[in-house]
Structures are given as C-alpha cells and as structure tokens.
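The values are calculated or read from the model by the stated rules, or taken from the named source; none is laboratory data. All of these numbers come straight from a predicted model, not from anything done at the bench. All Cβ positions, glycine included, derive from the backbone under ideal geometry; neighbour counts span all protein chains shown.
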Amino acid sequence: MPSQDNLNKEVASDAQRDSWFSALQSRVLSGWTFTRFLYAGMGIYMIVQSSLHQQWLGAFVGTYFASMGLFSWGCASGNCFGGSCEIPDRNGKKNSN
C-alpha cells in the first residue's frame with residue numbers, strides 16, 4: 001500500500017503538469033496577431049517546401065519560425081518592439097535596452 005507522502009507527491013506532480021499544460025494551452029490559443037500568423041504560416045511553408053526538396057536544414061529553420069509563431073516566443077510575441085523592453089532605473093525613469 002502506498003504511503004501518504006507518495007500519494008501527496010503524485011497529486012502535486014499532477015497539479016503541476018495540469019497547470020503547465022493549461023498555461024501552454026492558453027498561450028497557443030490566445031493573443032493571435034498578424035505577426036504570429038505570419039511567423040507560423042511562413043514557418044510551416046518552409047518546413048513543407050524544404051522537406052519536399054529534402055533540404056533538412058531549411059526544415060529545421062522553418063520549425064524554429066513556426067514554433068515562434070505557434071507558441072508566441074521571441075519577436076512573434078511582440079516583445080521586440082514598441083517599447084516593451086524598457087527597464088525602469090532606480091529613479092523611476094525608463095531606459096530603453
């Protein structure tokens with residue numbers, strides 16, 4: 001018979017997995033912009049065309065861009081422009097980095 005500690009650890013790991021999955025699901029299904037569609041679409045296009053021509057390096061690059069669009073990573077998420085990278089200094093003024 002499993003001990004209570006083992007059962008608590010299993011329940012905790014299930015809750016962490018569920019919270020991770022729901023965070024990933026909400027990231028994929030929400031916040032779609034034209035830029036994300038463009039990254040995902042062009043990445044998928046690169047994967048298909050590179051695979052048809054057996055250019056596997058191109059398929060790898062296409063996978064990178066498609067995942068940026070699908071999971072909203074990097075510039076596809078809109079974090080690389082528009083002042084969202086500003087960091088306030090100690091005096092409360094914003095510095096662009």
Notebook entry, point to check: Quick one: is residue 24 part of a helix (DSSP H, G or I) and surrounded by 13 or more Cβ atoms within 10 Å (Cβ to Cβ)?
Noted result: no
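Check the range 77-96 and report whether any residue there is at pLDDT 75 or above and not aliphatic (A, V, I, L, M).
Residues of the range 77-96 at pLDDT 75 or above: none.
No: the range 77-96 contains no residue that is at pLDDT 75 or above and not aliphatic (A, V, I, L, M).
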Next item on the list: Working only within the range 34-61, note down all residues that are surrounded by 13 or more Cβ atoms within 10 Å (Cβ to Cβ), in a helix (DSSP H, G or I) and not aliphatic (A, V, I, L, M).
Entry: 35, 36, 39, 41, 43, 45, 49, 50, 51, 58
